[in-house]
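What follows is a single structure, written as structure tokens, with notes after it.
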Amino acid sequence: ITYLSATSVYGDHKGKWVNEEDETKPTSNSGLNRLNAEKSWMNLASQKNLPLQIFRLSGIYSNERNVLVRLKSKELKIIEKKNHFFSRIHVEDIANILFESLSNFKPREIYNISDDKPASAEEVALFGCKLLKVKKPETISFLLIKSEMLKNFYKDSKKVNNKKMKNIFNYKLKFPSYIEGLSYIRNNFI
């Protein structure tokens, strides 16, 4: 059994690094639901002696869903919040890691899946502007966000450590950061 959870289970760690051993203290309903689901899967695996691994996924982006697409459609606004860091991962790296895990399955293990370079949303957006040669979008204060989902996203600041995943599966990320990922998307899909 492989359960795909989310790094939202860690909650807010004030921009510090988190790994699989760190305290989980979700601040959002989705983070709380993910943590409860993890616990339910672990209980079931223990009761029935089932092989289980859990992957905590960082912010997922793909060739179709990414900051470049949002910049081109002019729906992106830069949210102003100091010291807000988050991690991300390209969907291709997720698929590759899951495939690798099948031949190196370790029951009852938890792994973070993220790239090597946590960054602020502004840093990623500005890199996207540079790639597309477009102006920086409007900046708004965190306090003016209306979307509950977006508010929850900006509540938590953390940098997700991926060393366990890379070591256990001997995996070299195809997209070690948003720089390689967005450059690849710009050169091949936009």
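The values are calculated or read from the model by the stated rules, or taken from the named source; none is laboratory data. Not measured: the values here are computed from a predicted model. Don't worry about glycine lacking a Cβ; one is built from the backbone with ideal geometry, like all the others, and counts go over all protein chains shown. Heavy atoms of the whole protein, side chains included, go into the accessibility calculation; ligands, DNA and RNA do not. Shrake-Rupley method; radii C 1.70, N 1.55, O 1.52, S 1.80 Å.
Key figures
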quantity: Where N66 falls short, out of the listed (1) open to solvent by 30 Å² or more (accessible area, probe 1.4 Å); (2) farther than 21 Å from Y3 by Cβ; calculated: (1)
quantity: Matching residues, the range 108-131, being in a loop (DSSP other than H, G, I, E, B) and more than 15 Å from S62 (Cα to Cα); calculated: R108, D116, K117, P118, S120
quantity: Close pairs (6 angstrom Cβ cut-off, 6 or more residues apart or separate chains): over 20 Å from N104 (Cβ atoms) in the range 49-77, basic (K, R) and open to solvent by less than 60 Å² (accessible area, probe 1.4 Å) anywhere; calculated: S58/R88; G59/R88; Y61/R88
quantity: Near pairs, Cβ below 6 angstrom, 6+ apart or cross-chain, from the range 132-145 (in contact (Cβ under 8 Å) with a residue 12 or more places away in the chain) to any residue that is of a type outside the set (G, A, S) and assigned to a loop (DSSP other than H, G, I, E, B); calculated: P137/L76; P137/K77; E138/K77; I140/K77; F142/K81
quantity: Pairs with Cβ under 6 Å, 6+ apart, first in the range 105-131 and under 16 Å from S5 (Cα atoms), second of a type in the set (V, I, T) and not in a strand (DSSP E or B); calculated: I113/I94; I113/I97
quantity: Strands (runs of 3 or more DSSP E) wholly inside the range 26-107 containing at least 3 residues that are over 24 Å from L132 (Cα atoms); calculated: 53-57
quantity: Hits in the range 30-60 (condition: of a type in the set (S, T, Y) and at pLDDT 95 or above); calculated: S40, S46, S58
quantity: G11 surrounded by 18 or more Cβ atoms within 10 Å (Cβ to Cβ), in contact with a Lys or Arg (Cβ under 6 Å, 6 or more places away or on another chain) and touching a residue at least 12 places away in the same chain (Cβ under 8 Å); calculated: yes
quantity: From the options F153, F175, F105, residue that is open to solvent by 40 Å² or more (accessible area, probe 1.4 Å) and touching a Phe, Trp or Tyr at 6+ places or on another chain (Cβ under 8 Å); calculated: F153
quantity: Residue list for the range 20-37, restricted to those being touching a helix residue (DSSP H, G or I) at 6+ places or on another chain (Cβ under 8 Å), touching a residue at least 24 places away in the same chain (Cβ under 8 Å) and open to solvent by less than 50 Å² (accessible area, probe 1.4 Å); calculated: E20, S28, G31, L35
quantity: Which numbered condition K174 misses (of (1) in a helix (DSSP H, G or I); (2) modelled with pLDDT of 95 or more); calculated: (1)
quantity: The lone exception for S40 - which of (1) small (G, A, S); (2) open to solvent by less than 60 Å² (accessible area, probe 1.4 Å); (3) without any contact (Cβ under 8 Å) to a residue 40 or more places away in the chain it fails; calculated: (2)
quantity: Single residue of the range 2-42 satisfying the filter (within 14 Å of the chain's Cα centre (by Cα) and among the aliphatic types (A, V, I, L, M)) that is farthest from L57 (Cα to Cα); calculated: V18
